[in-house]
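I have placed the structure first, in the form of C-alpha cells, so that the comments after it can refer back to it.
The values are calculated or read from the model by the stated rules, or taken from the named source; none is laboratory data. All of these numbers come straight from a predicted model, not from anything done at the bench. Reconstructed Cβ throughout: ideal geometry from the backbone, glycine too, with neighbour counts over all protein chains shown. When the accessible area is computed, the model is the full protein with side chains, heavy atoms only, and any ligands, DNA or RNA have been set aside. Shrake-Rupley method; radii C 1.70, N 1.55, O 1.52, S 1.80 Å.
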Amino acid sequence: MKKVLAQRVQVNVEGTVQGVGFRPFIYRLASELGLTGWVKNTRNGVVIEVEGGGSVVETFLQRMRTDVPPSALVEAMSTSIVPVLDGTGFSIEQSAQSGQRALVIPPDLATCTDCLREIADPSDRRFRYPFLTCTQCGPRYSLLTAVPYERSNTTMAGFELCSACRVEYGTEADRRFHAEPIACPTCGPRLCLWNEQGQETAGGEEALRQAQVMLDKRLIVAVKGLGGFQLWVDAKSEEAVRRLRDRKRRPEKPFAVLFPSVDAVKDYCWLSSDEEALLCSPQAPIVLLRKRRDAILADAVAPDNPYLGAMLPATPLHLLLMGSLQRPMVATSGNRSEEPIVIDEREAVVRLKGIADVLLVHDRPIERPIDDSVALVMSKRSGAEDSGYAGKPGGDVLILRRARGYAPQAIRWTDGFANGAQGPVLAVGGHLKNTVAVLTGTRVVLSQHLGDLSTVESDRTFRQAVEDLQRLLEITPRTIACDLHPDYRSTAFARTLSEALSVSLISVQHHHAHVASCMAEHKLDGETLGIAWDGAGYGGHGQVWGGEVLIASYRQFTRFASLRPFRLLGGEAAIKEPGRSGAAVLWELMGEEMLKLPLPSWKTRDDQRARLTTLLRSGVASPWTTSMGRLFDAVASLTGLCHQASFEGQAAMAVQFAAEQEAYAGGVMVEGYTMDLMPSHGPDRKWIIDWCSMISALLEDLRRGTNPNKIAIRFHATLAAVTVRVAQAAGLPRVVLTGGCFQNRLLLSLARTYLEQVGFTVYSHALVPPNDGGLSLGQAVVAAHR
C-alpha cells in the first residue's frame, strides 16, 4: 500500500476571527478530517498549523473559506510550508501575547438561532435565562477590557464559571467551547427591578414579570441592555409616548420601535426580503421601513414621518420581555437629548431620574456605551406594492449610524495606500454624530457612534473612546487628524493632545474628509470627483461650505464647483428656523422686493420679514454659506412643508417625504427645474451651481397653486440632473456621492441613476455613514497620505 506523504502547513488568518467561534470551528474541521496540529489566537488574528495528507490539507484550506462561521470575517489568509512533526491530535493552544497588535476587535452580535431554541426549551438548564450566549452571539466589544478577546479580558472575569459551564467551555464538540461570555443561572449575571430611588423590588423571573406589568400600565421602564440603557414604553399609547417625549425633551425626532417578531413587523411596515434579511442579521440594526397606511401606532412615535425605525429583539432579555408583551414598544436610547447613553445602573438612577418610572437592571458591567445601529436598504422596491422609484436594485445597505453589530470592525485598505502613513494616525472626527478612528498599516478601526459633542457628558464619552482605542490597540499616535473648524471640541482636544505628545496635527477640510471616507471604503486611488452635500462644514477664512464638488485624491483637493452662496441668517438659528434660509435665497433673488412677495405658503409675518431683512442688510451674525442642507430648508419653508425644526435635518426630511409621496403616486420621471452651471470669477473654484432660476420657477409653481409634493419631486430631479452636468464638466469617470444630504434615499437613488445612465461609475457609502459619522475615516486616510 502506497504511503501518503504528510504535509504540514502554517496558516495565518487576519480579520474578525476572535470572539466569533473561529478557533472551535477550526478544531472541529481539523478533527473531522483527521488532521493533527493546533490553533491559537495571536495579537494579529489567528495562526494554525495543520498536518496530514496533501489532498486532505487542501480540503481543509478550501473549507476554511467556504464553511467559516457566519459572524466571522476573513480579510486575509496566507499559508507557508513548515517541517512535519508527526504529532497526534489537534488542540487549541494558549493565545500568543507577543508581536504587533492588529486592529481587530469583535463586535456585539444578536442572539443566534441555537440560543433562541435553548431559551424556549423548558428542559434546558438555560430556559428563560436572560444572559445566555455562545460563540456565535452575544456581547463582545461592549464588555471587552483588553485584547486578545478572552474571558479574563472582559467584564465577565468576575463571574467564576460553575462546573457545568466549565465543562462546556472546555469540550471541543460543544457550542460553547471557548465562548468567553458563557454563563448560566447558577454562575452568571442576575436580573433585578429597581424603583426610582435605586432600591431593588424584585429579582430574576419576578423582576421580568413586574417590568412587563409596568409596561402594560403604560409606564416608562429603563432597560439595561447590551450596550447601555434603553427607555421602553407602549408604542400604541399616544399618552405614554408623549409623556416620554416631554420627559426626554425630544419633541419630534422619531423613536425606534421594537417588534416581537418579523410577522409583527409586517403588520405595521412594508418589508422586502432584503430588509427582512438585514433585520434578522447578526448585526440586527434598526432598519428604516415604510409604514403601512393602516398601521395603528401612536402618532407621537414618528410624527409626520412615513417611515418607522424597526428592530427585533437582539438579546435574550429583549426576547423574554417581548415574548410576553407581544406588541410593539418604543425602545429609545436611555439618555436625555444631546447626552450619551447611560451604561451603569447607579448612574442611571441619577441621569434618568424624572424620565423612567422603574429600572430593569443586571450586574453584568458594560465597559463602554454602544447604541443601536441604524440602516436602510437602497432597494428598487421596498416591500410596498405601490412603492417604487427609479434606483439601483439589489438591496444595497446604507448605514446611517454605525454602532452595535458593526463597530469596531476594521475597514481594510490595500497595502499601497498606506505608503504615506508615518506610524499610527488618530482621527477625532467632527462635532455632530462623532466617531473617532485609528489607522495603522492597512486597517482603520472606527469607534462606535458617540453622538454630538455638545454637552460635558458627551465630551467625556468622546475622550473615553479615544483612550479606549489607544489602550486596547496599544498604540501611541504619531499623527493626529481633526476637522478644519477651529472651535469644535474635537479639534481643541486634538490640538491639546498633539502638543502633549509632541506629534504632528493635521487639519482636514470637512468635505475633503467626506469624499476621502467613501474613496477609502471602495479602495479608490488617484483623482475622483466628489459631490459632498450636507448642512455645514468649515471651508476656511470664516466660510461655511456645504454644497461642494471637489476633484480629490487622498493627499489634496481642488474646489471644482459649489452652490451659489447665500446668507446663513443668525448662524445656527437658521437650522431651527427654515424660514431664515427661505428669506436668504429670496433676498439674493429679488432683494427688498421680498418684503412685498405674496406667498401664503411661506408663513412669515410682515414683522418677521422686516427683522430678517434688517439682518440681511447688515450681514450681522450671518456668514455666507454654500450649504445644500440649508437650500433644502429654504424649499421646505417656501413650500409650507416645514417652518420650525426641532432636530437636525427635519426640514430636509419633510421635502424628501413630500417628493416620495409624489413618486409613489405617479413615478419620478418628472421634469426638473433649471439649475445653471455658471463660470466662477473667483480664484477658489471654477464653477457656480446657480439655484436662482430654479427658485424663480419654484415660486411661479407656487403662484399657480402647484401641489408642494410635485414641487418637492421636481426639486429632487433638478439636483440629480445637476450632478450629471457638473460631472460632465469635470470629465472624470468616477463620481463619489457623500455627505448628510445623501442619507436621503430618493436623492441618492436619482443621482446614481442619472449619472450611471450617461456612463459614470458611481460610488456611495456602504461601510460607514455618509453623514459626519464617517468623517474620522476620511480624516485618517487623508492624514496618512500627507
Checking V726 against (1) under 20 Å from A651 (Cα atoms); (2) surrounded by fewer than 24 Cβ atoms within 10 Å (Cβ to Cβ); (3) touching a strand residue (DSSP E or B) at 6+ places or on another chain (Cβ under 8 Å), the condition it does not meet: (1)
Quick check on my filter: what residues within region 475-523 are within 22 Å of L767 (Cβ to Cβ), in contact with a strand residue (DSSP E or B) (Cβ under 8 Å, 6 or more places away or on another chain) and of a type in the set (D, E, K, R)? D483, E521
From L586, L612, which residue is in a helix (DSSP H, G or I) and in contact with a Lys or Arg (Cβ under 7 Å, 6 or more places away or on another chain)? L612
Which strands (runs of 3 or more DSSP E) sit wholly inside region 35-154 and have at least 3 residues that are in contact with a strand residue (DSSP E or B) (Cβ under 9 Å, 6 or more places away or on another chain), within 23 Å of A407 (Cβ to Cβ) and open to solvent by 10 Å² or more (accessible area, probe 1.4 Å)? 73-82
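Residue by residue, here is whether (1) crowded, with 24+ Cβ neighbours inside 10 Å; (2) closer than 30 Å to P477 by Cα; (3) out of contact with any helix residue (DSSP H, G or I) (no Cβ under 7 Å at 6 or more places or on another chain); (4) of a type outside the set (D, E) holds:
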position: L524; (1), (2), (3), (4): no, yes, yes, yes
position: L529; (1), (2), (3), (4): yes, no, no, yes
position: H541; (1), (2), (3), (4): no, yes, yes, yes
position: I551; (1), (2), (3), (4): no, yes, no, yes
position: V585; (1), (2), (3), (4): yes, no, no, yes
position: G591; (1), (2), (3), (4): no, no, yes, yes
position: M594; (1), (2), (3), (4): no, no, no, yes
Residue list for region 182-201, filter: assigned to a loop (DSSP other than H, G, I, E, B) and either open to solvent by 20 Å² or more (accessible area, probe 1.4 Å) or modelled with pLDDT under 95 (or both): P185, T186, R190, N195, E196, Q197, Q199
Checking T738, T674 in turn, the sole residue that is in contact with a Cys (Cβ under 7 Å, 6 or more places away or on another chain), of a type in the set (V, I, T) and either farther than 25 Å from A513 by Cα or modelled with pLDDT of 95 or more (or both) turns out to be T738
What pairs come out if I take residues in region 232-258 that are more than 19 Å from Q326 (Cα to Cα) and outside any strand (DSSP E or B) and pair them with residues that are open to solvent by 10 Å² or more (accessible area, probe 1.4 Å) and of a type in the set (F, W, Y) whose C-beta lies under 7 Å away, six or more apart or interchain? E252/F647; K253/F647
Output yes when any residue across region 254-264 is farther than 30 Å from K576 by Cα and either open to solvent by 30 Å² or more (accessible area, probe 1.4 Å) or touching a Lys or Arg at 6+ places or on another chain (Cβ under 6 Å) (or both), and no when none is. yes
Could you tell me which residue of region 325-344 is modelled with the lowest pLDDT, considering only residues that are of a type outside the set (A, V, I, L, M), outside any strand (DSSP E or B) and open to solvent by less than 30 Å² (accessible area, probe 1.4 Å)? P340
Does T135 qualify as being of a type in the set (S, T, N, Q), modelled with pLDDT of 95 or more and within 32 Å of the chain's Cα centre (by Cα)? no
Every residue from region 211-229 that is part of a helix (DSSP H, G or I) and either closer than 13 Å to A331 by Cα or aliphatic (A, V, I, L, M) (or both): A211, V213, M214, L215
Quickly run through region 488-513 and pick out the residues that are open to solvent by less than 60 Å² (accessible area, probe 1.4 Å) and β-branched (V, I, T). T491, V503, I506, V508
Across region 605-615, which residue is modelled with the highest pLDDT among those that are over 15 Å from E572 (Cα atoms) and open to solvent by less than 30 Å² (accessible area, probe 1.4 Å)? T613
Give region 693-723 a look and list any residue that's open to solvent by 10 Å² or more (accessible area, probe 1.4 Å), in contact (Cβ under 8 Å) with a residue 60 or more places away in the chain and within 35 Å of the chain's Cα centre (by Cα), or say none. P708
Please give the number of the condition P282 fails out of (1) open to solvent by 60 Å² or more (accessible area, probe 1.4 Å); (2) part of a loop (DSSP other than H, G, I, E, B). (1)
Residues of region 345-358 being open to solvent by 20 Å² or more (accessible area, probe 1.4 Å) and either in a loop (DSSP other than H, G, I, E, B) or of a type in the set (F, W, Y) (or both), in sequence order, are K353, G354, D357
In region 558-583, what residues are outside any helix (DSSP H, G or I), of a type in the set (A, V, I, L, M) and either open to solvent by 10 Å² or more (accessible area, probe 1.4 Å) or in contact with a Ser or Thr (Cβ under 6 Å, 6 or more places away or on another chain) (or both)? L563, L568, L569
Number of the condition not met by T639 [criteria: (1) hydroxyl-bearing (S, T, Y); (2) in contact (Cβ under 8 Å) with a residue 12 or more places away in the chain; (3) surrounded by fewer than 21 Cβ atoms within 10 Å (Cβ to Cβ)]: (3)
Out of (1) of a type outside the set (K, R); (2) assigned to a helix (DSSP H, G or I); (3) in contact (Cβ under 8 Å) with a residue 40 or more places away in the chain; (4) over 24 Å from H510 (Cβ atoms), what's the single condition that is false for A465? (4)
Scan (1) hydroxyl-bearing (S, T, Y); (2) under 25 Å from L398 (Cα atoms); (3) modelled with pLDDT under 95 for the single condition T723 breaks and write down its number. (3)
